[in-house]
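A short write-up of the structure that comes next.
The values are calculated or read from the model by the stated rules, or taken from the named source; none is laboratory data. As the structure is a prediction and not an experimental result, all values here were calculated from the model. Using ideal geometry, Cβ is built from the backbone for each residue, glycine included, and neighbour counts are taken over all protein chains shown.
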Amino acid sequence: MDILSLLTPIYFVLVFVGIVVGIIFGSIPGLTATMAIAVCLPLTYGLNLNMSLALLLGLYVGGISGGLVPAILLKIPGTPSSIATTFDGHPMHQKGEGELALRTGIVASLFGGVFSAAVLFFFAPALADMAIKFSYVEKFLIIFFALTVIASLSKRVLVGLFSGALGVWISLIGTYDTTVGGNGDTRLMFDFMEPYLADGFSLLPVLIGVFGLSTILQEAAQGVKGGGLAGMALSHRTRFSLRVFKGQMVNLIRSSSIGTFVGILPGIGGSAASVLAYTQQKNFSKEPAKMGTGVPEGIIASESSNNGLTGGALIPLLSLGIPGDSTTAVMIAAFTLQGVQVGPLFIGENPQTWDMIIVSLLVANLFMFVVMFFAIKYIIKVIMVPKHILYPGIIVMCVIGAYAINSGIMFDVWTLLLFGLFGYIAEKLGLEIAPFIMGFILGRSAELYFVKSLESFGNLTIFFTKSPIAMLLWVLIALSIGYSFYSVMKTNHQAKGANGG
Amino acid sequence: MGSGFTQLFDVHIEFSQSHLVFPAIVGWVLVVLFGAIVVVYGPGLVREFRSGKRSLALGGGDFDKFRFLATIALTIAYFQSMEVVGGFFPNKGFGFLIMSIPVMFLFSLLFVHGLTARKLVVIGLNAVILPSVAWYVLKELFRVSLP
């Protein structure tokens, strides 16, 4: 078996390191799995693709899982995806059941992670097989659909769409690449910018800037308060037992499925998965009134769904080349770095890497379980590292990542600063970062597919009439936009009702 | 063979101008969306500005102007000095190593609250150890490019 020869001690060390660092990032409010991957990407420069993915998937799983620690102990979600864990987790901690809450969440996370890895294993190759047959028209429509879905789930639909379009527009700066059939001319810039921007902005400095440096700027603007996560003492009046999961199998499967499904939809964050699974559990619960007062079923719903997201978000990435969330968007940079293009051909052309991704996801979930279940007390101590020690280190890692991505271009470091400031200002202006990043990543592909479709067919109606898939995609696009306007109207109606009544 | 109706949607793209087609479309989409945002959210925003609920000025509330501006200034100084110092030692990564140590120290001093002698020692050790280890592992072991 080829794959067994790749499971070397170094491989396991990398997954382990990824898990531990990911848990630390996930446990510290303000830091996320996305940031962990963006900041640690330079560490993969000297590794091959399989080893890089071992580290990155460890960071991903650890980063998503770590968020439950402060969610339960401090009522502050470490990552947005653990928001619903606070609803029951913290009340349990206050009742002296902190250890029970944490371990319940950890076991639920393991279930969600393994469930989503299984869905990934069975579903991604089938989707990729279907996507191989897509022409430029369908590929363009899939990107269009991805952008409308992510924009329609934004707080303000129009702003979400604007942010996505802005990301596309910025991605187009530079040369219309001849290697993909472009004419080699530059656009959207002045002549003096050509030496720096001929190839456009590099992906990784943009991502590190938006997710890494802008977080530091936001913290600086708030005074870098909180010298560490002091006060995280573990209460353990009630010991953990697997009996907590008695009667919760439906909850586990439903919540993991919700997480995985939400992961498949491009750009929707873990917070949506967590809240959706929690709400569904409340709807189906035998004792809904108890939820929110400190019952394990709420933690089980939230944690199995957010870890269910991990495998789900990898499905569109590995089968269509479209990231399922901002964290997998950063992972695209890791593939690019190794000269591998993700998309419909990826699984067929890289069977060994595909197998390793599945194995790594399983190993990462098992390591996450072992580290968090048995060493939770030590993890709590580690994440108390003060921000004034942590943040300067993050800035240094951001610089390394930006500079080294193109083997030493200082302009990439300035790009990091530019997009760090952009991320900060965008947050203040209310722009939506997730659609922006998705637009930036997919913009050039969208252009290629759109222009080539028109060059080939010479008529705009081809986007509607090319195939049944194209028509189906338009229906889905209409539904996603229609749903968003329906939710806005519903919210406005409820707000008026609340004000009036 | 297109019918009269579909001929209305015929498009011919000159190859020499093909680099401008998509940017122009996206540009117009941005303009239209911006207009729609102004129409839909504009009145509410104006109300928020008039009532003082929202402000374009830096400051107010919990905003730490000193730490924010000093972080930006220190970052610019870090990047600029790294490039200059790195120029003296091409391909050695010394620009990164030499400048990261004092800059990390200054960042920590900027971010810390309630500085004590013990904290100062930890900050100093962190500023020396982290860039040195990062430089050694990445530059010497992994041959990663550093400024």
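Values computed for the structure shown
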| read-out | value |
| --- | --- |
| Qualifying residue in segment B:75-96 (condition: more than 26 Å from B:Y136 (Cβ to Cβ) and among the hydrophobic types (A, V, I, L, M, F, W, C)) | yes |
| The lone exception for A:M410 - which of (1) at pLDDT below 85; (2) in contact with an Asp or Glu (Cβ under 7 Å, 6 or more places away or on another chain) it fails | (1) |
| Meets criteria (surrounded by 24 or more Cβ atoms within 10 Å (Cβ to Cβ), at pLDDT below 90 and among the small types (G, A, S)) for A:A54 | no |
| Unmet requirement for A:T461, which otherwise passes all of (1) farther than 18 Å from A:W169 by Cα; (2) surrounded by 21 or more Cβ atoms within 10 Å (Cβ to Cβ) | (2) |
| Residue list for segment B:90-108, filter: closer than 17 Å to A:G401 by Cα and either part of a loop (DSSP other than H, G, I, E, B) or not assigned by TED's automatic domain parsing to the domain that holds B:Y78 (or both) | B:N91, B:K92, B:G93 |
| Subset of segment B:20-75 that is of a type in the set (S, T, N, Q) and modelled with pLDDT of 85 or more - its residue that is farthest from the chain's Cα centre (by Cα) | B:T71 |
| Test: residue in segment A:360-381 that is among the small types (G, A, S), modelled with pLDDT under 90, surrounded by fewer than 22 Cβ atoms within 10 Å (Cβ to Cβ) and in a helix (DSSP H, G or I) | yes |
| Of the criteria (1) under 17 Å from A:S214 (Cβ atoms); (2) facing chain B (nearest Cβ under 9 Å); (3) buried (at least 19 other Cβ atoms within 10 Å of the Cβ), which one A:L421 fails | (3) |
| Test for B:V46: is it more than 10 Å from chain A (Cβ to nearest Cβ) and part of a helix (DSSP H, G or I) | yes |
| Any chance A:M291 is at pLDDT below 85 and either within 14 Å of chain B (Cβ to nearest Cβ) or surrounded by 15 or more Cβ atoms within 10 Å (Cβ to Cβ) (or both) | no |
| Matching residues in segment A:449-468 - criterion: being more than 9 Å from chain B (Cβ to nearest Cβ) and hydroxyl-bearing (S, T, Y) | A:Y449, A:S453, A:S456, A:S467 |
| Residue count, segment A:197-211 (criterion: small (G, A, S) and free of Cβ contacts under 8 Å to residues at least 40 places away in the same chain) | 1 |
| Selection count, segment A:397-418, where residues are part of a helix (DSSP H, G or I) and either crowded, with 23+ Cβ neighbours inside 10 Å or touching a residue at least 24 places away in the same chain (Cβ under 8 Å) (or both) | 15 |
| Test: residue in segment A:438-450 that is modelled with pLDDT of 90 or more, of a type in the set (D, E, K, R) and either within 30 Å of B:S16 (Cβ to Cβ) or touching a Phe, Trp or Tyr at 6+ places or on another chain (Cβ under 9 Å) (or both) | yes |
| Selected residue [without any contact (Cβ under 8 Å) to a residue 12 or more places away in the chain and either surrounded by fewer than 20 Cβ atoms within 10 Å (Cβ to Cβ) or assigned to a helix (DSSP H, G or I) (or both)] from A:V13, A:V69, A:V39 | A:V13 |
| Lone unmet requirement of (1) in a helix (DSSP H, G or I); (2) in contact (Cβ under 8 Å) with a residue 24 or more places away in the chain for B:L146 | (1) |
| Candidates B:F96, B:F15, filtered to the one that is under 30 Å from A:G174 (Cα atoms), out of contact with any Leu (no Cβ under 7 Å at 6 or more places or on another chain) and either modelled with pLDDT under 95 or polar (S, T, N, Q) (or both) | B:F15 |
| Residue, farthest from A:C398 (Cα to Cα), within segment B:109-126, restricted to residues that are facing another protein chain (nearest Cβ under 7 Å) and outside any helix (DSSP H, G or I) | B:H113 |
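So that you can scan it fast, the table gives a plain yes or no per residue for (1) farther than 30 Å from A:G184 by Cα; (2) polar (S, T, N, Q); (3) facing chain A (nearest Cβ under 9 Å):
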site: B:I37; (1), (2), (3): yes, no, yes
site: B:G42; (1), (2), (3): yes, no, no
site: B:I72; (1), (2), (3): yes, no, yes
site: B:I76; (1), (2), (3): yes, no, yes
site: B:N91; (1), (2), (3): yes, yes, yes
site: B:F107; (1), (2), (3): yes, no, yes
